[in-house]
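**Student:** Let me give you the structure first, and then I'll get to my questions.
The values are calculated or read from the model by the stated rules, or taken from the named source; none is laboratory data. Quick caveat: nothing in here was measured; it's all calculated off a predicted structure. Here the Cβ is made from the backbone with ideal geometry for all residues, glycine too, and neighbour counts use every protein chain on show.
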Amino acid sequence: MVATMKKAAAEDVNVTFEDQQKINKFARDTSRITEQKEIEVKKNHLQNLEDTFNDIMLADGDCFMTQYLIRDVLISHSQEEAQEMLEEAKKTLQEEIDALESRVGAIQWVLANLKVQLYTKFGSNINLGVDES
């Protein structure tokens, strides 16, 4: 009897073209949310740059030369030049992180709205659970 009622309830819900578009958008945006992992990688890289910058600042600057790896080439720079390069790299990386965080925030907002709309219409007949891992 309960199985028959559930089956009947599932059949009562009509999925319109608009509903299907919302479901598809939810699926696409859910797959795009993986940018959160990219943010963590970039934050770790930024922390490494900050640690390197701090180490260079603590070094004796009289005859200090450092090697800066650009792709497969090591280039020697003075302490001042190395600090400038690290500052620029940190600034660029922080801008990338901010842009990714903004994009992820917008996606999460859209997902939350779609989830409300779809659960309102379909109730327990739809499963929009997203792994937060």
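**Student:** Hey, can you tell me all the residues within the range 73-128 that are among the polar types (S, T, N, Q) and either free of Cβ contacts under 8 Å to residues at least 24 places away in the same chain or on the phi > 0 side of the Ramachandran plot (or both)?
**Tutor:** 76, 78, 79, 92, 102, 113, 120, 124, 127
**Student:** So, of the residues in the range 94-123 that are surrounded by 16 or more Cβ atoms within 10 Å (Cβ to Cβ) and out of contact with any Asp or Glu (no Cβ under 7 Å at 6 or more places or on another chain), which turns out to be nearest to residue 20 (Cα to Cα)?
**Tutor:** Of everything passing the filter in the range 94-123, 118 is nearest to residue 20 (Cα to Cα).
**Student:** Considering only the range 70-86, state which residues are under 21 Å from residue 38 (Cα atoms) and in a helix (DSSP H, G or I).
**Tutor:** 86
**Student:** Could you check the range 20-49 and list, in sequence order, the residues that are modelled with pLDDT of 90 or more and outside any helix (DSSP H, G or I)?
**Tutor:** None - no residue of the range 20-49 is modelled with pLDDT of 90 or more and outside any helix (DSSP H, G or I), so the list stays empty.
**Student:** May I pose another question? I'd like the full set of residues that are part of a helix (DSSP H, G or I) and surrounded by 14 or more Cβ atoms within 10 Å (Cβ to Cβ), limited to the range 124-133.
**Tutor:** 125
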